[in-house]
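FYI, it's all coordinate maths here, none of it is from the lab. All values reported here derive from a predicted model rather than from experimental measurement. Positions of Cβ are generated from backbone atoms using ideal geometry, with glycine treated the same way; all protein chains shown enter the neighbour counts.
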């Protein structure tokens, strides 16, 4: 029963992340006449072409989200084949809800007035947090999120935020030829902030060096194996008690490290733990979704 409750909690938070993203996008980025990048940016460009240039009579909704959903259909195949059926189902739910939010959250409310820089900064933080939250809870907003996770599994040094930044820079270089350069510059500020926040919130992008000093060797080994990780075990001696202890060393994602700390505390295993962020890991180390 607890497993089902946990899955429902994670799905709720993943969908909540899409709401944060859509709210930040429509209330701060679109309302300031700025553009997202990637797949949604393409959807926004198509919307502009249909509504502003061709005069398509669409009022009350933003069709950029609908175009974004249509573009995502081929990406769903990657989610199904490469990232697992469970991830595929959650992605379908998240992309569908994100499309609904993007379609019906107003885009004509200018909360910050004529302040494009402030809109880009605040919108970037909100959107980046939303994307990171959705990814952290096992879902995705489709498009470059799915591609980023796929590349992350293939190459340890990759991250979703890095791929988003690369795609968006390419998109904006094209936009610079069609639109006001100021719009492109402020949009790039949004992308940079959003990409950074995404990687900070999506804790699977952050690697942690973990050292656990304990007598409960078997119990902690079992916890680490639950994350499909291994560890190196060394023998030590307490300088005060001179009793033998086990020094367990492993490399985990920050999300796994938090789970390890929580479970050791819950089970009262009497361990001393040291955590240290690392910038690079060489060798066989799989990034987990």
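A few remarks follow.
- When each of the peptides 191-197, 24-30, 259-265 is scored by how many other beta carbons lie within 10 Å of its residues on average, the order from highest to lowest is 24-30, 191-197, 259-265.
- Size of the range 207-278 from its Cα atoms: along the principal axes, largest to smallest, the extents are 33, 26, 16 Å.
- Taking 73, 46 and counting other C-beta atoms within 10 Å, the order from fewest to most: 73, 46
- Sorted by Cβ neighbour density within 10 Å, fewest at the top, the residues 202, 242: 242, 202
- When 34, 121, 16, 181 are sorted by how many other C-beta atoms sit within 10 angstrom of their C-beta, beginning with the fewest, the order is 181, 16, 121, 34.
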